[in-house]
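Heads up, the thing below is written out as structure tokens.
The values are calculated or read from the model by the stated rules, or taken from the named source; none is laboratory data. Source: prediction; values computed, not measured. Cβ atoms come from the backbone with ideal geometry, glycine included; neighbour counts cover every protein chain shown. In case anyone asks, the SASA skips ligands and DNA or RNA and just uses the protein heavy atoms, side chains included. Shrake-Rupley method; radii C 1.70, N 1.55, O 1.52, S 1.80 Å.
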Amino acid sequence: MLLTIATTQQPATDLGFLLMKHPDNVHSVELPFGRATLFYPEASEERCIAAITLEVDPVALVRGRGAVEDQYVNDRPYAASSLLSVALGRLLGTAMSGRSKQRQELADSAIPLEVSLTPLPARGGADLLKTLFEPLGYEVSADPILLDPAHPDWGVSPYVSLRLAGELRLADLLSHLYVLIPVLDNDKHYYIGEAEIEKLMRKGEGWLDGHPAREMIVRRYLRGLGGLVRAANAQFDERVEAEEAEVHASRDAAEQAIEKPIRLNDQRMERVVALIREMGATRVVDLGCGEGKLLRALLKVPGLSQITGVEVAPRVLANASSRMKLDTMSDGQRQRIELLQGSLVYRDKRLAGFDVAAVIEVIEHMEAERLSAFEAAIFGHAQPAAVIITTPNREYNVLFEGMAPDAMRHPDHRFEWTRAEFQHWAETVAQAYNYGVRFEGIGAEDLGHGHPTQLAVFSRADATKVAA
């Protein structure tokens, strides 16, 4: 089996620093079941390729297991599998951790990376490849491999040659491969115990928690062992709960106390609902729905056939369900509403096809470096006909009684933009993804500081169903 990792980030030979393997040398590591070797077929300033081969000894693989009929007749010596993940962990453990002695700044940076892996079992086909890798921002392509090139009429095998391209940290790429290669193979070739949960939590940190196919990934990675699968999912759910319910409520209360005298949250909800009515939408998704205040308001709007709320935290989603009283809702109303656990920074096919996506007081809770992933997931992949985004106007904060200078309205806000900063970001996104955008404010306008909330309405240039 052959895995190659290439970059055009110049100087491209810095890939050697990231991998902790010098391009002039051949690097090998002995494993209980064979040998892994890394070398560089190309190493120039413009392009560098690291190649990894894994030679599996089928006798060593089954040694000690006792006599089993046809024990040496399998694809393990020839196809990528969980054994390759083991080899990656041994050969590139430091790189996978994100550490680099000489180039830490580069290790922390997203760089253009290309991956080729062949032959790879894809038990689930090309659709599964896209389900696993596209949400992480990769361009995915795969060529089927014939059962026998001499007999094309025999058809294709369950193996493919996989190619991935994306701009991301090398450590993230290696972690993705470490977890997802066994998932694609849907098999593991060593004992599966509680230690595998710890590995999955560690290697999946920062990306698997909110992956739209997380439950399937966990199930396949742990070979469907029910107790382990349940324990792993419980740990992931706990990890995405950023804070205890009491702490979360107190933080929200601080922002509400600032804005309550002017009924700002009520005004936001009223304006967003009015816009959705004006657009004549029938399918609306509330991204980052929280405990469902907008969803509850939308249930009162006639003509909406589908109302979907998306939230990453299971506890918050459960609170939304409780506040909407989904358990006692009439069948007609219940068929209109759907709650999904998911992250807004991953491409998720469940979010495609909506007339309007509402993103109300959400983006300011994201780390700034995650905004590009949000933009690609929503504007580039989901592509709703219209997107409504609201966010605080930082310039207005000085008018709120009791706010300290340079303070933000909510302790969890990562940033708050001025009107110029918000408009620059929105116009850049609109141009990049073929949307038009217009702006307005919510709340009483101050001549010097503007409105307390700023709002942008994006309309896809080729959308005809929903008016701008």
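Please report the spacing between the Cα centers of the range 131-196 and the range 369-436 in Å, no decimals. The range 131-196 and the range 369-436 have Cα centres separated by 36 Å. Dividing the alpha-carbon radius of gyration of the range 101-184 by the rule-of-thumb value 2.2 N^0.38 Å gives 1.28.
First compute the accessible area of the range 416-463 with a 1.4 Å probe, then give the percent of it belonging to carbon and sulfur atoms.
Details: 1120 of 2290 Å².
C and S atoms contribute 49 percent here.
Normalised by 2.2 N^0.38 Å, where N is the number of residues, the alpha-carbon radius of gyration of the range 309-411 equals 1.30. Rounded to the nearest 10 degrees, the angle from helix 82-91 to the longest Cα principal axis of the chain is 90 degrees. Note on the range 335-382: with neighbouring protein chains present and a 1.4 Å probe, carbon and sulfur make up 48 percent of its accessible heavy-atom surface.
Computed FRET efficiency, Cβ-Cβ of residue 414 and residue 26, R0 41 Å: what is it to the nearest 0.05? Intermediate results must be reported in sequence, preceding the final value.
Numbers: r = 45 Å, r/R0 = 1.09.
The calculated FRET efficiency here is 0.35.
Measuring between their Cα centroids, the range 3-56 and the range 281-348 lie 47 Å from each other.
Selection among 424, 329, 387 by position relative to the dipole of the chain gives 329 as farthest towards the positive end (Cβ unit charges, Cα centre). Here the 3J(HN,Hα) profile of the range 94-106, calculated from phi with Karplus coefficients 6.51, -1.76 and 1.60 at θ = phi - 60°, is 5, 4, 5, 6, x, 9, 8, 5, 9, 9, 4, 4, 5 Hz, Gly and Pro shown as x.
Only helices enter this figure: runs of n ≥ 4 DSSP H residues, each worth -39500 (n - 2.57), summed and divided by the residues of the chain, yield -9500 deg cm²/dmol at 222 nm to the nearest 500. Per the Debye calculation on the range 393-468 with a single equal scatterer at every Cα and no solvent contribution, log₁₀ I(q)/I(0) for q = 0.11, 0.22, 0.23 Å⁻¹ amounts to -0.36, -1.00, -1.05.
Report the local net charge at residue 3: Lys and Arg +1, Asp and Glu -1, summed over other residues whose C-beta lies under 12 Å from its C-beta.
Values: positive: 163; negative: 114.
Summing Lys/Arg as +1 and Asp/Glu as -1 gives 0.
The calculated FRET efficiency for residue 35 paired with residue 94, based on their beta-carbon distance and R0 = 22 Å, is about 0.70. Backbone phi angles across the range 143-160, fed through the Karplus curve with coefficients 6.51, -1.76 and 1.60 (θ = phi - 60°), yield HN-Hα couplings of 9, x, 10, 5, 4, 8, x, 6, 9, x, 5, 6, x, 9, 8, x, 10, 9 Hz in residue order; Gly and Pro are listed as x. Here the range 256-375 is treated as a Stokes sphere of Kirkwood radius computed over C-alpha pairs; at 10 °C and 1.306 mPa s its diffusion coefficient rounds to 106 µm²/s.
Is the range 156-241 rounded, prolate or oblate when judged by the Cα gyration tensor, a ≥ b ≥ c being the square roots of its eigenvalues, rounded requiring a/c under 1.5 and prolate requiring a/b larger than b/c? The shape class here is oblate.
Using +1 on the beta carbon of Lys and Arg, -1 on that of Asp and Glu, and nothing else charged, what's the dipole of the chain about the Cα centre, debye to 20?
Numbers: 50 positive and 66 negative charges, 187 e Å.
The calculated dipole for the chain is roughly 900 debye.
Within the range 84-120, the trypsin sites (Lys or Arg not before Pro) that combine a DSSP coil assignment with at most 11 other C-beta atoms in a 10 angstrom radius are 101. Taking amide H atoms as placed 1.01 Å from N in the peptide plane, the amide H of residue 340 lies under 5 Å from those of 309, 310, 311, each 5 or more residues away in sequence or on another chain. Between helix 245-259 and the chain, what is the angle of the helix's C-alpha long axis to the longest principal axis, kept within 0 to 90° and rounded to the nearest 10? Once rounded, the angle reads 40 degrees.
Counting lysine pairs in the chain whose alpha carbons fall under 29 angstrom apart, excluding pairs fewer than 8 residues apart on the same chain, gives 27.
When the inverse distances between all different Cα atoms of the chain are averaged and flipped, the Kirkwood radius reads 24.8 angstrom.
At full extension, residue 263 and residue 148 could sit 34.4 nm farther apart than now, given 0.36 nm per residue minus the alpha carbon distance. Heavy atoms of the protein chains alone define the surface here; on that basis the chain has 46 Å² accessible area per residue at 1.4 Å probe size.
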